[in-house]
1. When you go through Asp251, Asp245 one by one, which is the residue that is open to solvent by 20 Å² or more (accessible area, probe 1.4 Å), modelled with pLDDT under 95 and touching a strand residue (DSSP E or B) at 6+ places or on another chain (Cβ under 8 Å)?
2. Return the total of residues in the range 130-155 being within 11 Å of Trp173 (Cα to Cα) and touching a Gly at 6+ places or on another chain (Cβ under 6 Å).
3. If you scan the range 221-235, which residues turn out to be open to solvent by 40 Å² or more (accessible area, probe 1.4 Å) and either in contact with a Gly (Cβ under 8 Å, 6 or more places away or on another chain) or among the basic types (Lys, Arg) (or both)?
4. Could you give me the residue pairs with C-beta distances under 8 Å whose first residue belongs to the range 171-195 and is over 15 Å from Gly238 (Cβ atoms), whose second residue is open to solvent by 20 Å² or more (accessible area, probe 1.4 Å) and part of a helix (DSSP H, G or I) wherever it lies, and which are 6+ apart or on separate chains?
5. State whether one or more residues within the range 164-182 are touching a His at 6+ places or on another chain (Cβ under 7 Å) and among the charged types (D, E, K, R).
6. Return a yes/no flag: does the range 20-30 have any residue that is open to solvent by less than 50 Å² (accessible area, probe 1.4 Å), more than 15 Å from Leu80 (Cα to Cα) and at pLDDT 75 or above.
7. Can you tell which of Leu90, Leu54, Leu82 is over 18 Å from Leu128 (Cα atoms) and at pLDDT 95 or above?
8. What about Phe136, is it open to solvent by 60 Å² or more (accessible area, probe 1.4 Å), of a type in the set (Phe, Trp, Tyr) and modelled with pLDDT of 95 or more?
Amino acid sequence: MGNAMRGVIAFIPSERCQRYLVGDLKEMPLDRTLDLSSHQLRRLPITACVFDELVKLYLSDNNLSSLPNELQDLRKLQLLALDFNCFEELPAAICRLHQLSILYLGNNRLHRLPRELKELKELNTLWLETNCFTDFPKVVCELTNLKTLHFGYNQIRSLPKDLRRLQELKSIWLPGNLLTEFPPELLEMHSLAIIDVDRNKIRQFPNMSHMQGLKLVIYDHNPCVNAPMVGEGVRRVGCWADSTDDGQEDDGSKEGREDTTEMAEVHSEEKQNNLEARE
């Protein structure tokens with residue numbers, strides 16, 4: 001939607017604006033998916049909450065800061081995308097969507113999460129990147145079915161010890177935070193395949209060779225004096241601050257280029273999975 005059209009919409013009365021933007025929501029979509037992304041919505045139409053068979057709801061890239069309690073009536077909802085909105089608090093209705101398995105909350109203004117989030121027992125993918133967290137929300141440690149956690153570009157300095165309870169976690173993405181040491185909790189999480197701590201303030205990395213499930217470690221853009229020691233076949237992306245020649249970069253410059261390709265492939269795979277979830 002162009003800027004000129006957005007300017008026109010700003011002068012349309014609220015109810016008429018809603019109908020113009022989303023049309024008349026009368027029938028349940030055949031694929032049980034409703035995509036209202038990039039519609040400049042300031043509130044979710046109540047009519048969207050009557051589709052009790054809905055499985056996927058996309059509300060990304062709007063101006064939402066709250067959601068109606070009627071959202072909890074979508075009892076079969078498995079995917080909810082709320083990234084690129086204006087949420088400062090997580091709406092309570094979300095915590096009553098007990099079938100939810102994928103929740104996108106990135107690029108909002110969240111600084112805490114409610115205790116009630118622990119009721120989402122089926123949640124396996126959680127995106128919280130680019131918010132306003134200064135402390136890691138401990139309630140996340142109670143989401144024991146979690147397999148993927150994106151928590152990059154916040155302002156956390158450490159992880160809670162209880163994170164070790166997430167024994168199903170396969171990938172954790174923590175770039176762009178304020179970590180000054182590698183989180184020791186991660187060393188006890190043997191299901192982890194991917195660890196991303198790019199763009200933090202970590203000075204030294206521990207021996208990680210005992211983590212047999214590990215496949216990829218991204219540690220670039222840290223003021224570190226060593227590379228993480230990993231097991232055979234584990235890919236590393238990064239170099240350390242005191243390196244003065246190619247031999248001190250992670251397995252050489254050619255290897256570094258290969259590792260960068262590996263990282264791009266991983267991110268591409270995740271992106272593809274997200275696109276498939278939208279279908």
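The values are calculated or read from the model by the stated rules, or taken from the named source; none is laboratory data. Just so it is clear, the model here is predicted, and its values are computed rather than measured. Quick reminder, even Gly has a Cβ in these numbers, built from the backbone with ideal geometry, and neighbours come from all protein chains shown. Just the protein is used for accessible areas: all its heavy atoms, side chains included, with ligands, DNA and RNA removed. Shrake-Rupley method; radii C 1.70, N 1.55, O 1.52, S 1.80 Å.
1. Of the residues listed, the single one that is open to solvent by 20 Å² or more (accessible area, probe 1.4 Å), modelled with pLDDT under 95 and touching a strand residue (DSSP E or B) at 6+ places or on another chain (Cβ under 8 Å) is Asp251.
2. 2
3. Selection gives His221, Arg235.
4. Here the result reads Glu185/Lys161; Glu185/Arg164; Glu188/Arg164; Met189/Arg164, each pair linking the range 171-195 to a residue that is open to solvent by 20 Å² or more (accessible area, probe 1.4 Å) and part of a helix (DSSP H, G or I).
5. No, the range 164-182 has no match at all.
6. yes
7. None of the others qualify; the one that does is Leu54.
8. No, not satisfied.
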